[in-house]
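Asker: Quick one: the structure is below, questions incoming.
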Amino acid sequence: QVQLVESGGGLVQAGGSLRLSCAASGSIFSIVTMNWYRQAPGKQRELVARVTSSGTTNYLDSVKGRFTISRDNAKKTASLQMNSLKPEDTAVYYCNALLKTAIWSPPNDYWGQGTQVTVSS
């Protein structure tokens, strides 16, 4: 079985910073991408940042220049450094990984339980 465990959420004032971490464990052959999504109340879940196994990154336009995603392939971890936070960044943040559990298996999506980020104005 595969588990993704997030940590690092919390309450911060606008302009502040938070760092989210995600650790993958279990029967993992390879991780294709590690991603951070978020879902605010009444809104759809959206992709915030993505990092591939080779280190290529993609960001939601509204977080470019403020958020940085990184990944440690050996440790099977990913982090999201969030700076200059705004109230509109308030959401539950989810770690997601597209990964293979065996050499012959197709890649599948796995999700963490989510961590709350609240930015006060």
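The values are calculated or read from the model by the stated rules, or taken from the named source; none is laboratory data. For clarity, every value in this text was computed on a predicted model and none was experimentally measured. Glycine gets a Cβ as well: all are built from the backbone with ideal geometry, and neighbour counts include every protein chain shown. Heavy atoms of the whole protein, side chains included, go into the accessibility calculation; ligands, DNA and RNA do not. Shrake-Rupley method; radii C 1.70, N 1.55, O 1.52, S 1.80 Å.
Asker: Quick one: Trp104 ticks every box in (1) free of Cβ contacts under 8 Å to residues at least 60 places away in the same chain; (2) not in a loop (DSSP other than H, G, I, E, B) bar one, so which box is it?
Answerer: The one condition Trp104 does not meet is (2).
Asker: Turning to a different aspect of this structure: Assuming Arg66 fulfils every condition listed in (1) open to solvent by 50 Å² or more (accessible area, probe 1.4 Å); (2) free of Cβ contacts under 8 Å to residues at least 60 places away in the same chain apart from one, which condition is it?
Answerer: Only one criterion in (1) open to solvent by 50 Å² or more (accessible area, probe 1.4 Å); (2) free of Cβ contacts under 8 Å to residues at least 60 places away in the same chain is unmet by Arg66, namely (1).
Asker: Starting from region 41-57, keep only residues that are touching a residue at least 40 places away in the same chain (Cβ under 8 Å), then list their pairs with residues that are surrounded by 14 or more Cβ atoms within 10 Å (Cβ to Cβ) and assigned to a loop (DSSP other than H, G, I, E, B) whose Cβ atoms are within a distance under 6 Å, requiring at least 6 positions of separation or different chains.
Answerer: Val48/Leu60
Asker: Could you grab me the full set of residues in region 17-30 that are open to solvent by 20 Å² or more (accessible area, probe 1.4 Å) and either in contact with a Ser or Thr (Cβ under 9 Å, 6 or more places away or on another chain) or basic (Lys, Arg) (or both)?
Answerer: Filtering region 17-30 for residues open to solvent by 20 Å² or more (accessible area, probe 1.4 Å) gives 17-19, 21, 23, 25-30.
Listed by number, the residues that qualify are Ser17, Arg19, Ser21, Ala23, Gly26, Ser27, Ile28, Phe29, Ser30.
Asker: For Ser70, state whether it is closer than 30 Å to Ser121 by Cβ, of a type outside the set (D, E, K, R) and in contact with a helix residue (DSSP H, G or I) (Cβ under 9 Å, 6 or more places away or on another chain).
Answerer: Values: closer than 30 Å to Ser121 by Cβ: yes; of a type outside the set (D, E, K, R): yes; in contact with a helix residue (DSSP H, G or I) (Cβ under 9 Å, 6 or more places away or on another chain): no.
Criteria not met by Ser70.
Asker: Give me the pairs: first residue in region 108-120 and assigned to a strand (DSSP E or B) and modelled with pLDDT of 95 or more, second residue basic (Lys, Arg) and open to solvent by less than 90 Å² (accessible area, probe 1.4 Å), beta-carbon distance under 7 Å, and six or more apart or on different chains, which are they?
Answerer: Sorted first by the residue in region 108-120, then by its partner, the pairs are Val119/Lys86.
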